[in-house]
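The values are calculated or read from the model by the stated rules, or taken from the named source; none is laboratory data. All values reported here derive from a predicted model rather than from experimental measurement. Cβ coordinates were reconstructed from backbone atoms using ideal geometry, including for glycine residues, and neighbour counts include every protein chain displayed. Note: areas computed on protein heavy atoms with side chains; ligands, DNA, RNA excluded. Shrake-Rupley method; radii C 1.70, N 1.55, O 1.52, S 1.80 Å.
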Amino acid sequence: MKGKLLLPVLLVLGLVGVAYLLLPKGSHSFYGTRLLNPKPVDFALEGPQGPVQLSQHKDKLVLIFFGYVHCPDVCPTTMLALKRAYEKLSPQEQERVQVIFISVDPERDTPQISDQYAKGFHPSFLGLTGSPETIQEVARTFGVYYQKTQYRGPGEYLVDHTATTFVVKEGKLILLFSPDKVEETEKVVGDLRALL
């Protein structure tokens, strides 16, 4: 009886061993949400020195966050999380990563204000915005929702918005970090290194 059980067990162990050997070495289990069909994305928005096109950063891993300067909670929290992850990378890795903050509040956030806000978290970060129509189009490309709320008058309102961080590599959207996941610095850094 024992002999009859031993053969199937040995066969299963043998198959597991072969499967392990066939696995690609260094395969990374992503913490962020990996897109099975990476989506081509591009945009042209306004930076402090003029137009900036996403394709200008094609040789870099680009982390994009949509928010607004007057945001009381999720924007500064996410930008701090991105700063922590960025600063965990080596200087050589940092050269291959670009963090971009896109303001969905063009009425209050000029390109200069948006960029100052982004650079307040790290000097290499970039802040962009554009006309309301352009921002709407770019947001739609990424599936980002935003809408003014608690309107108390011109310049006095909040903006509800999608708080996902988008990762673009070689012009394609490949990875997403939800607000809770972006807080896990070591895991985010692991994902970024796997993509670099």
Which stretch or stretches of segment 93-114 have amide N atoms under 16 Å from the point lying 7 Å from LYS148's Cα along the Cα→Cβ direction?
104-110
Give me the accessible area per residue for the chain, probe 1.4 Å, as a whole number in Å².
56 Å²
Please figure out what share of the DSSP beta bridges in the chain is antiparallel and state it in percent, rounded to the nearest 5.
70 percent
If I compute solvent accessible area with a 1.4 Å probe over the protein chains, what percent of it on segment 35-150 is carbon and sulfur?
52 percent
Starting from the Cα gyration tensor of segment 67-146, take the square roots of the eigenvalues, sort them a ≥ b ≥ c, and report rounded, prolate or oblate (rounded when a/c is under 1.5, otherwise prolate if a/b is larger than b/c, else oblate).
prolate
What does the net charge come to around ILE135 if you take all other residues with beta carbon closer than 14 Å to its beta carbon, with K and R at +1 and D and E at -1?
-3
Most fluctuating of TYR157, TYR68, TYR117 in the GNM of the chain (C-alpha, under 10 Å) is TYR157
Spatial separation of Cα centroids for segment 153-196 and segment 68-127, in angstrom:
11 Å
Each residue of segment 136-150 in order: what ³J(HN,Hα) in whole Hz does its phi give by Karplus 6.51 cos²θ - 1.76 cosθ + 1.60, θ = phi - 60°, with x for Gly and Pro?
4, 5, 5, 4, 4, 4, 9, x, 8, 9, 8, 6, 5, 9, 6
For labels at THR33 and SER90 in the simple 7 Å Cα→Cβ model, what's the distance in nm?
3.3 nm
The chain, Gaussian network, Cα under 10 Å: of ASP105, ASP180, ASP42, the residue fluctuating most is ASP180
Förster radius 25 Å - calculated FRET efficiency between GLU133 and GLU156 (Cβ-Cβ, nearest 0.05)
0.60
Which net charge results for the neighbourhood of PRO154, defined as the other residues with beta-carbon distances under 15 angstrom from its beta-carbon, given Lys and Arg at +1 and Asp and Glu at -1?
-1
Rounding to the nearest 10 and keeping the result within 0 to 90°, find how far the Cα-based axis of helix 2-22 lies from the longest principal axis of the chain.
40 degrees
Report the full-extension gain for the segment LEU196 to THR141: residue separation times 0.36 nm, less the Cα-Cα distance, to one decimal in nm.
17.4 nm
Which percent of the Cα-Cα distances in the chain go past 25 Å?
41 percent
Using the reciprocal of the averaged 1/r over all distinct C-alpha pairs, how large is the Kirkwood radius of segment 124-194 in Å?
14.5 Å
